[in-house]
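Structure first, commentary second.
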């Protein structure tokens with residue numbers, strides 16, 4: 001069969017869905033076709049918009065026969081924002097696909113025998129995110145906010161995002177209207193000109209208090225006091241207003257300097273029965289209820305008896321380690337962001353956790369951090385290590401350190417199945433047994449999935465028999 005070309009039309013059945021939200025079909029010549037806005041079971045007409053040696057990308061033109069798994073009307077924001085890529089898929093089917101994503105990752109890493117359990121969920125598909133970073137743009141002199149379209153820096157208006165609390169969109173609109181009226185220009189990445197770059201919002205799940213943080217290419221905003229007054233009058237939940245200064249020509253959202261305009265420079269939230277202080281730069285899980293579910297699963301895997309030394313790596317504001325501190329002998333946290341370490345220390349103090357300490361440094365350099373600590377306090381022998389790395393996973397140096405120390409238990413929490421499976425295979429080759437992997441739907445309607453798994457040192461298990 002002859003190859004298709006850009007602009008060609010075709011009719012096909014959608015047989016799969018990838019984590020980017022593209023339906024997958026097969027062209028008459030056998031090549032894979034990716035079509036946004038489709039789900040398995042759809043029969044569609046489509047137009048080829050991109051030709052690759054191995055695949056085609058097509059634009060949906062007509063749904064001839066909808067899939068029984070198709071749902072519509074989940075979100076009022078344009079689909080081009082690229083956020084909830086599973087917005088047209090029945091939620092039960094989404095969970096099946098995410099479980100299969102984790103299974104595939106372990107198979108691809110040479111670990112086909114790992115048991116992948118059903119995906120756990122906190123039962124909430126909408127308005128579960130407690131944090132938003134809206135890029136600001138402008139059109140015909142009016143500011144607006146939204147999200148970047150996939151693989152671009154074109155801002156798609158998205159004040160009505162289904163994954164965020166409705167009040168976030170209202171604050172975004174009010175902020176854009178306020179500064180439009182004062183002639184404030186949106187930051188332009190190409191020229192480096194313009195003042196308002198992003199609007200950063202955080203909310204406490206329990207109190208519903210909100211922190212508002214405009215990110216600016218400068219040091220001040222016009223009429224800051226009037227802005228605070230407008231926010232306080234219209235949005236009583238706003239308890240903190242801060243300004244973040246980011247004057248660098250960079251794609252990074254946040255700069256290093258914060259200035260408090262109103263309220264305190266942090267939020268407080270309750271997680272797993274503990275009170276946490278969250279600064280703007282601190283890592284804090286964006287889905288509160290799913291975080292409590294995930295941490296309970298991690299605690300079950302750790303099986304602490306009250307005597308263990310727990311090493312919490314990539315600890316952020318200390319949430320995971322502190323949630324287990326009551327059941328441990330000692331918790332030692334390591335985090336590379338200084339503000340997050342300070343938050344973790346204050347969080348330990350505010351919760352009366354005298355058996356928790358936190359150090360600032362790269363998790364890959366944990367061996368050196370512990371050596372420095374041991375010089376003043378004596379030997380540290382972790383019984384359990386908690387790993388919650390970024391998407392790139394763990395550095396080989398860190399894994400080698402854990403192997404050399406023969407840490408008895410490693411509880412690995414991951415937001416990226418591929419790197420989790422890669423690191424698990426590395427540890428497995430060094431003598432660690434893998435327990436069941438439990439996916440958790442931390443980000444419903446998106447292509448992301450968290451997973452927790454226990455790795456146990458086989459050498460120790462054999463010695464105990």
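The values are calculated or read from the model by the stated rules, or taken from the named source; none is laboratory data. Being a predicted model, the structure only gives us computed values, none of them experimental. Cβ coordinates were reconstructed from backbone atoms using ideal geometry, including for glycine residues, and neighbour counts include every protein chain displayed.
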Checklist entry - Failed condition for residue 133, given (1) closer than 29 Å to residue 279 by Cβ; (2) over 24 Å from the mean Cα position of the chain (by Cα), with all others met? => result (2)
Checklist entry - Before we move on, is residue 412 touching a strand residue (DSSP E or B) at 6+ places or on another chain (Cβ under 6 Å), surrounded by fewer than 22 Cβ atoms within 10 Å (Cβ to Cβ) and part of a strand (DSSP E or B)? => result no
Checklist outcome for this item: Those residues of the stretch 342-377 which are part of a helix (DSSP H, G or I) and closer than 23 Å to residue 399 by Cβ amount to 363, 364, 365, 366, 367, 368, 369, 370, 371, 372, 373, 374
Item to check | Criterion violated by residue 81 - all others in (1) in contact with a strand residue (DSSP E or B) (Cβ under 7 Å, 6 or more places away or on another chain); (2) assigned by TED's automatic domain parsing to the domain that holds residue 166 satisfied | outcome: (2)
Next on the checklist: Looking at the structure I just gave you, is residue 189 under 16 Å from residue 246 (Cβ atoms), in the same structural domain as residue 255 (by TED's automatic domain parsing) and not in a strand (DSSP E or B)?
Outcome noted: yes
Checklist entry - Has the stretch 237-248 got at least one residue that is free of Cβ contacts under 8 Å to residues at least 40 places away in the same chain, surrounded by fewer than 17 Cβ atoms within 10 Å (Cβ to Cβ) and within 26 Å of residue 316 (Cβ to Cβ)? => result yes
Next on the checklist: Quick check on this structure: which one of 193, 219 is surrounded by fewer than 13 Cβ atoms within 10 Å (Cβ to Cβ) and in contact with a strand residue (DSSP E or B) (Cβ under 8 Å, 6 or more places away or on another chain)?
Outcome noted: 219
Next on the checklist: Among the residues of the stretch 57-66, are any closer than 21 Å to residue 149 by Cβ, modelled with pLDDT of 90 or more and either buried (at least 17 other Cβ atoms within 10 Å of the Cβ) or in contact with a helix residue (DSSP H, G or I) (Cβ under 8 Å, 6 or more places away or on another chain) (or both)?
Outcome noted: yes
Checklist entry - Only one of (1) surrounded by 15 or more Cβ atoms within 10 Å (Cβ to Cβ); (2) modelled with pLDDT of 95 or more; (3) in a strand (DSSP E or B) fails for residue 433. Which number is that? => result (1)
Checklist entry - For the stretch 313-338, which residues satisfy the criterion of being in a helix (DSSP H, G or I) and more than 19 Å from the chain's Cα centre (by Cα)? => result 322, 323, 324, 325, 338
Item to check | Filtered residues of the stretch 282-295 (kept if under 25 Å from residue 336 (Cα atoms) and outside any loop (DSSP other than H, G, I, E, B)) | outcome: 287, 288, 290, 291, 292, 294, 295
Checklist entry - Is there a residue being more than 20 Å from the chain's Cα centre (by Cα), assigned by TED's automatic domain parsing to the domain that holds residue 443 and surrounded by fewer than 16 Cβ atoms within 10 Å (Cβ to Cβ) anywhere in the stretch 389-396? => result yes
